[in-house]
Structures are given as C-alpha cells and as structure tokens.
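Report on the following structure.
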Amino acid sequence: MKFELVKTIILTFLVGLSFLLTFAIWNYDRSFDTADNTDQSTEAVLKGAEENKESLLEPYQMVFHRDGTIVGFAEKEKELDTFQYVSQLHLYDFRMLDDNDSSGESESGNYVEIIFPTSMPSSYIREIFSSDEPSEIDTEFKSIKLFLDQNRETSQIIFENSDPYGIDIRANIQNLPQVIKHFDEVFTEGEFITYLPVEVRNDQTVYLPQDPNIKGKQFRYTTINTDSETFQSIFFLNPQDVQSSPNPEGGQTYSDGSRGMLVRRYFMEFTDYSTNEFSQSNQSEGMPLQSIGDQLLTNSIEHINSHNGWLKDEDQIEYRLYDLDVSSEEIEYRMTYNNYPVFSLNSSQDIATMSLEYLNGKLFKYSRPLMILTQSYDRSDKKLMTADELVSFLEESEHYSLDRILNIQLGYRIEQQAAQVFDLIPTWSVQTYNGWQVITKSMVINQGGQTNAMGTN
Amino acid sequence: MQWGQIKTLFILCFLILDIFLLQQFINNQDTVSVLPELEFEDNLQGNIEGLDNIPEEPAEAPMLHAQRKELSEEDLDAINELPNQDTIVLDNHMIVSRLNEQAAFNTDNVGESITDNVWNADNYDLENYAYDQKTNTYIFFQKLDQPIFFNISGTLMVHVNEAGNMAYYVQTILEKAEEQPEEEYSLANPTQVIADLYRRGNIESGSTISNMEFGYFNLLQLPNGVQVLPPTWGVEVNDSDYYYANAVEGHISTRNENDFVMDMKEDIQDFVLNDTGAIQSLDSDWEEDSIIRFLNQLLENMELTDGVNKNDVSV
C-alpha cells in the first residue's frame, strides 16, 4: 500500500514536471539583440495620417463593357465604392489561365474592367481580396476583368498581365448571379459617360473619357518647418548635429555627414549615403521578386506611417500606389483627387508623389512633398480637349507617337499660380518611358492650328 | 491491483516524455549561450596580419564641424612667396600650383619634398598618404587634430611626372567651424570593426591591416557651409584598400584613390567651363589664356592611366 502511495507521488510529480517543461518551452523567447536598431528614429511625426495597404492599392479606372459600348461612371469617385464592393467578393479556384481558355471570345459579352495604375505582383491579390485561398501563382497583374455572364463556368474573374505574353490568373466568384444583379442595379441607377478606346504601345488599350468633364480646384495649404529639430529627427539619428547650407542649384541642404536632405520649396529629397553596397542586407540574395515586391510595399508604408507622412486633409485627397519597380526596388505613391491622379509639371520638384528607393532592402532615397492641402474652392470651369482631339493631337505631334506611349490619363496638374493657393488644373497626361508628361496648352498651340482645342486656361 | 499496473505504465510514459522535454529545454538554452564575437576574435588572430596596428583609443569623441577656409590677403601673400612655382587660386579656396624648376619627389621621404614647396604643409598627414597609381598622384589628408579622410575640401594632391619630379599640386584647406558640438559619443570598438569587415568578406584571410587610425570622414561633403564629420575608424588593408567605419553608427564605406582624383578633376573642370571669373593668378605676368591652357592640360593629365603621362605639364 505504501508502495502504491510512492508511485502516486512519483506520477503526480512527473505529470507536474511535464506541464512545467511544456510551459517553459512554449514561452521560451529567443531574446535576440535587435541588431537593426540603426533604423531612423521616427518618434517625430508630420501632421498627416497613417495609411494601410487596402486604401493604397486601389484602381484608377473602372470601365464597363456592356452590349458593345464602353462606359464609365460620370462621377469618378463612385469607382471606389464599386471597387469596395468587388474587393469583398469571395473568390475561389485560382488557376493559371491557359491559352485555350480563350477569354477573348467571351469579351464580347458584358464585363467590368478594373484598371490599376501599375503592374503589381500577384501576391497583392490577397491584400485586395478577402480570399481564404490566396493565389500561389507568381506573376503580375495590372487589370481585373469581372465577367457578368451567368453561363460562364470558369474564369469568371481574370487578373490580367500587362505583358501580352505574361501569365494571367483566373478565378471564380461565389454567388455570381447576386453579383450580376448588383451590377445591373448599379447600371440602371448610375450616370455614365462614354469612353474612347485607344491603342498604345504593346497593343495595350487605354480608355479615355470622350468628353471630359472635371472641375478644377484651388487649395489653401500649410507647410512644414524643415528647420525644426522635431522634423529633422524623422530623418536624422542625431538631429542636434545636423547642419544646413544653401544648395548651389537652389534650395537648402541639411546633412549630418552620412545623410542628406535637400529641400526645395515644397519638395524634399532625402538620401541615406550610409546605405551602400556595404550595408548589411536584410534580405538574402536570390529572393523571389514576388517577396521583394511584398517587402517593398510593407516597408515603404511602414516607413511613411512611422512619421504620419501621408499628408492629406480633405477626404477626396488620397495617395495611391502608382509605380512599382521590383528589380530596382523603387516604389511610388501618387496623390489623387476624387480618384483622378495629380501630376507635377516640374519633375525635379515633384510635389504630387512620394517615392522611395531601397538598396538591399534598406531605405536609400525618399522624396516627398512638404505641404498639406487643406480647404478647397472651385476653380472657374475650363474646357479641356476631348478624347478625339487629344488623339489627333498626339497623332500629329512630332514629340509623341501612339506606339511609344505607355498610358494616357485624365487628371490634374498641380501648380502654384498665386502665393496663397495651389491650383489643381484638369489635364491630360501621357506616360512614356521618360515618365509622365502633362499636355499643356502651349504644347498644343505650338503645334499650331488647334488653339481652340484646349480653350483658355 | 490493475490500477497499480496502469500507474507504473504512466510513470514510465511520463518519465520518457519528461526526459524528452528536458532535453528540448536544455537545447534551447544552449543556442543562446554561444557568443559569436569571441569566436570571431580568435578567428581574426589566426587569419589576419597587422592586428597590432589596431589602436585602442579614443573610446569617446564628438562630431567635428568644419568648413572650407577662405584664403585671406596675408595667406595669398605667403603662398606667393613660395619658391619655384606659379600659383593660381580658384574661388579663393583652392590652390593650384605649377612647379617651374624640377623639384625631385623623394618617395622615401615625401614629407621633405612637400614641406619645401607647399604652404602650411604641416597641416597634412605626410606619413599616412594614399597613392593613385593611375594618375601618379600622391594624396595627403589634412589634419584638424585628427586626419580628415578623403575630403575634397581638405586635401593635398601632388602629381609626379615620369622623371620623378613634382609637376604640380592641388591644395584645399578645411578649418574648424566656430561652433563645435559638445555631445560626446561612445565609439565602436576598433577590433569589432575589423571583425565586421572580416565577417562581410571585405578583409580576406591572409590580409594585412596596414594601418588603422582614428579620424573624421563624411559621406556627404557640402561644398559651402559647415560640414558635419562623424568620428570614424579608417582602415587600410594591404596598403591598397580603404574602409571607413562610422564609429558612432557603425556603417562602413570605402573610397578609391582614383575616384577621389576624378572628383577633384570635376571640381576644377567646373571652374574652367563655367566660372573662369573665379580663377585668380598670383603671378601678374601669367596671362589668362595661358592659365586656361595650363588648367586644361592639368585636367588632361588627371585623366591619364597607369602613370604614363605623355603630356606632363611643362614650364
């Protein structure tokens, strides 16, 4: 009997010990010293907001192909509400689109085309859609085609690559009839305008609103004092050591010997010269491009969030992912107003974008505007060229040729015509390999014979 | 009775489980107790020569604020009195001097050749210098108490021609800014810097640390206004490669002699192309056309490779 008691005690002890050990291993925390403490100190903040992936990964255009016509919302901001709806759809059965899936045939039917500003890695699909079954296919996509066809059994939604020879992804939508019903309602209730399809480089089609009707705006603004130590502590480890001197090409340069910040009026460019081939990389070489793309997006958003760097005051002003170059580790976010992109005339002082460049996963360059647009007022109406007029201008132009144009967008150009305000002026903008170029009135006049096309500005 | 047997069985099971868990737990502990730094130091001893050259001091230092020295009338007079040379001054801060009589450049004792011919030569580190073989140029770093490594505004570049004579030199001078920062930073351990370079593969096994010294070095050198120079460990490997470790933040960069000469060339070129008004000759007989010709020839010389200088600047 006594022996049994001893056994009970041993058993209890062993059970207890196993619990304890399990608990200890479970809670074991590898308290690595974070060697990466050299990251910028970012306690200081700007007056802006934080952003998340969903709101930065939004389309710039939504085009409805319906009974042979191509139309879009008259009020462009409605595109975002509709996109919100689309992003909540439940997708399944992600597959690679085969050549024999002949999506072209069904394109004669009704479908919605959602176009993004730039090609993105397919892994971003899971940032946009709340799908349980993320796509594992490593490719890129620039637009989404959602087919409103009850009889379509596969490829109800296609993520299209901008490269005609690239891989497309197809998937199916749960409860398609409900979706079709929703879009029928959208279509009967909404106001629509006609789009003109134009073929540009690589047989890509861009859609231009036939008769653009967008209103110019004027904004009051506030600026940021770049001399303050709080501001400098966003970019420099030891702001008390920062010295500034006038830059020979205009503006002011701030430096702590290892980093430089060039400030020109409402624009700044920060460069961390200590990020070079010797900086220890956070990522291993040979990392798949897709994960570099993920890291670029996450790191850049985290970096700008860390100092509340998304300077926007009005609801209609947003920032959007507009350019992503995974091989050179560059990412660019562009200001939009009512879902129209904003362009800057002066590419050396681009106040319409925030762009970040990384080297081996470490921030190397960061340029951004330094003003925050606040109250807005209407600007007097100006007549803009129609899509047809623009196309004939481009065709006749010595400067441009449609087969060298990558994209054409309707948006605003940001300009300071009076000291107190910034103007957002409706503009056509053309993207070539040299970047975005705004089509100005003087360009049209110089070409001659079309002075009336643009009207007065 | 049966319950007793089950208990024995349970005891055995839990005993095995506990042994396994204990082993896991101990393994986890072990992974932390490894100190890679110690291993590295041992490793260094065996693989790298010249570890005696690693200095121990200082452990703390402030940043250095310095600016370009603008030459005063007295300075210019003193420079003008130097023998055997025609001197021009660019934008009141850069001295370019052509030696008229062939001054032999003694490679065994460079200090001597320089002290005789250069104004304030003792402001430069005449012992630890860099040499650009491509342009046959000797590069001396200015000292503001400590050496300032590879700074375009504080250097002396001496070009030696085929005959082994000093042909011309370019001199720039930094001075301490009036306000100096007070905060002292504790500096990275120099041995750790070498271990870092070794770990990254910049120093290979069998290499020699030919020199390591404390000084100041910056990555962004503003031409005007006050420059911020962080405390830096300058490491010279095998007499040919230069690494600069920021002693406050730890990041490492490298500089190449020829790139530095090319930077200087660009600076001079900028004056010749865009700002001839800033070129001032200390010798009133030296005509402007001739000065520009001299500078163009000098620029051409800086471009030459492998030390073969067919068009050496002559009198």
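The values are calculated or read from the model by the stated rules, or taken from the named source; none is laboratory data. Because the structure is predicted, anything quoted here is derived from the model rather than measured. Methodologically, a virtual Cβ is constructed for each residue, glycine included, from the backbone with ideal geometry; neighbour enumeration extends over all protein chains shown.
Within the range A:275-293, if we keep just the residues that are over 30 Å from B:Y244 (Cα atoms) and assigned to a helix (DSSP H, G or I), the residue that is modelled with the highest pLDDT turns out to be A:G293.
Conditions (1) within 14 Å of chain A (Cβ to nearest Cβ); (2) at pLDDT 75 or above; (3) surrounded by 12 or more Cβ atoms within 10 Å (Cβ to Cβ); (4) in contact with a Lys or Arg (Cβ under 9 Å, 6 or more places away or on another chain), marked per residue:
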residue	(1), (2), (3), (4)
B:Q2	yes, yes, no, no
B:F14	yes, yes, yes, no
B:L17	yes, yes, yes, no
B:F25	yes, yes, yes, no
B:S33	yes, no, no, no
B:G46	no, no, no, no
B:L51	no, yes, yes, no
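Taking (1) assigned to a strand (DSSP E or B); (2) surrounded by 15 or more Cβ atoms within 10 Å (Cβ to Cβ) in turn, B:L126 satisfies each apart from (1).
Checking the stated criteria, B:W286 turns out to be of a type outside the set (D, E, K, R) and over 21 Å from the mean Cα position of the chain (by Cα).
Checked against the criteria, A:N37 counts as modelled with pLDDT under 90 and within 14 Å of chain B (Cβ to nearest Cβ).
Restricting the range A:232-267 to residues that are within 22 Å of A:M335 (Cα to Cα) and in contact with a helix residue (DSSP H, G or I) (Cβ under 9 Å, 6 or more places away or on another chain) leaves a set whose member that is surrounded by the fewest Cβ atoms within 10 Å (Cβ to Cβ) is A:R265. Residues that are touching a residue at least 24 places away in the same chain (Cβ under 8 Å) and either within 8 Å of chain B (Cβ to nearest Cβ) or in a strand (DSSP E or B) (or both) within the range A:250-274 comprise A:Q252, A:Y254, A:R259, A:M261, A:V263, A:R264, A:F267, A:M268, A:E269, A:F270, A:T271, A:D272, listed in sequence order. Kindly indicate whether any position in the range B:231-238 is under 27 Å from A:L262 (Cα atoms) and either in contact (Cβ under 8 Å) with a residue 40 or more places away in the chain or more than 9 Å from the chain's Cα centre (by Cα) (or both). Looking for residues that are under 27 Å from A:L262 (Cα atoms) and either in contact (Cβ under 8 Å) with a residue 40 or more places away in the chain or more than 9 Å from the chain's Cα centre (by Cα) (or both), one finds at least one in the range B:231-238, hence yes. For the range A:194-229, taking the residues that are closer than 30 Å to A:T374 by Cα and aliphatic (A, V, I, L, M), the one that is surrounded by the most Cβ atoms within 10 Å (Cβ to Cβ) is identified as A:L208. Summed over the range B:77-102, residues that are surrounded by fewer than 19 Cβ atoms within 10 Å (Cβ to Cβ) and among the hydrophobic types (A, V, I, L, M, F, W, C) total 2.
Restricting B:V272, B:V248 to residues that are aliphatic (A, V, I, L, M) and modelled with pLDDT of 85 or more narrows the list to B:V248.
Please count how many residues of the range B:228-253 are in a strand (DSSP E or B) and more than 7 Å from chain A (Cβ to nearest Cβ). Quick ask: steps written out before the conclusion?
In the first step, residues of the range B:228-253 are kept if they are in a strand (DSSP E or B); the result is B:228-229, B:231-237, B:241-246, B:252-253.
Next, from what is left, pick out any that are more than 7 Å from chain A (Cβ to nearest Cβ): B:231-237, B:241-245.
Qualifying residue count for the region: 12.
Mind listing whichever residues of the range B:141-153 are over 15 Å from B:M94 (Cα atoms), out of contact with any helix residue (DSSP H, G or I) (no Cβ under 7 Å at 6 or more places or on another chain) and not aliphatic (A, V, I, L, M)? Full working, then the answer.
Step one: filter the range B:141-153 for residues over 15 Å from B:M94 (Cα atoms), giving B:143-150.
The next check asks that each one be out of contact with any helix residue (DSSP H, G or I) (no Cβ under 7 Å at 6 or more places or on another chain); those that pass are B:144-149.
Residues satisfying the conditions are B:D145, B:Q146, B:P147, B:F149.
Exactly one residue out of A:S347, A:S397, A:S442 is in the same structural domain as A:N308 (by TED's automatic domain parsing) and either surrounded by 19 or more Cβ atoms within 10 Å (Cβ to Cβ) or modelled with pLDDT under 85 (or both): that is A:S347.
Residues that are modelled with pLDDT of 80 or more, loosely packed, with under 11 Cβ neighbours inside 10 Å, closer than 24 Å to A:L370 by Cβ and more than 14 Å from chain B (Cβ to nearest Cβ) occur at least once in the range A:46-61. Would you be able to tell me the number of residues in the range B:152-205 that are surrounded by fewer than 22 Cβ atoms within 10 Å (Cβ to Cβ), part of a strand (DSSP E or B) and within 14 Å of chain A (Cβ to nearest Cβ)? Of the residues in the range B:152-205, 3 are surrounded by fewer than 22 Cβ atoms within 10 Å (Cβ to Cβ), part of a strand (DSSP E or B) and within 14 Å of chain A (Cβ to nearest Cβ). The condition of being charged (D, E, K, R) and closer than 24 Å to B:N224 by Cα holds for B:D125.
Of the set (1) more than 14 Å from chain B (Cβ to nearest Cβ); (2) modelled with pLDDT under 90, all apply to A:G72 but (2).
Of the residues making up the range A:98-150, those that are more than 20 Å from the chain's Cα centre (by Cα) and modelled with pLDDT of 85 or more are A:N110, A:Y111, A:V112, A:L146, A:F147, A:L148. Within the range B:270-296, how many residues are out of contact with any Lys or Arg (no Cβ under 9 Å at 6 or more places or on another chain), part of a helix (DSSP H, G or I) and buried (at least 16 other Cβ atoms within 10 Å of the Cβ)? Matching residues across the range B:270-296 total 4.
When the strands (runs of 3 or more DSSP E) confined to the range A:157-249 are screened for residues that are polar (S, T, N, Q) and within 14 Å of chain B (Cβ to nearest Cβ), those reaching at least 3 such residues are found at A:243-246.
Residue-wise test of (1) in contact with a His (Cβ under 8 Å, 6 or more places away or on another chain); (2) part of a helix (DSSP H, G or I); (3) without any contact (Cβ under 8 Å) to a residue 12 or more places away in the chain; (4) not assigned by TED's automatic domain parsing to the domain that holds A:Y322.
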| site | (1), (2), (3), (4) |
| --- | --- |
| A:M120 | no, no, no, yes |
| A:S123 | no, yes, no, yes |
| A:K145 | no, no, no, yes |
| A:N151 | no, no, yes, yes |
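Of everything listed in (1) under 16 Å from the mean Cα position of the chain (by Cα); (2) buried (at least 19 other Cβ atoms within 10 Å of the Cβ); (3) in a loop (DSSP other than H, G, I, E, B); (4) in contact (Cβ under 8 Å) with a residue 60 or more places away in the chain, the single unmet condition for B:M212 is (3).
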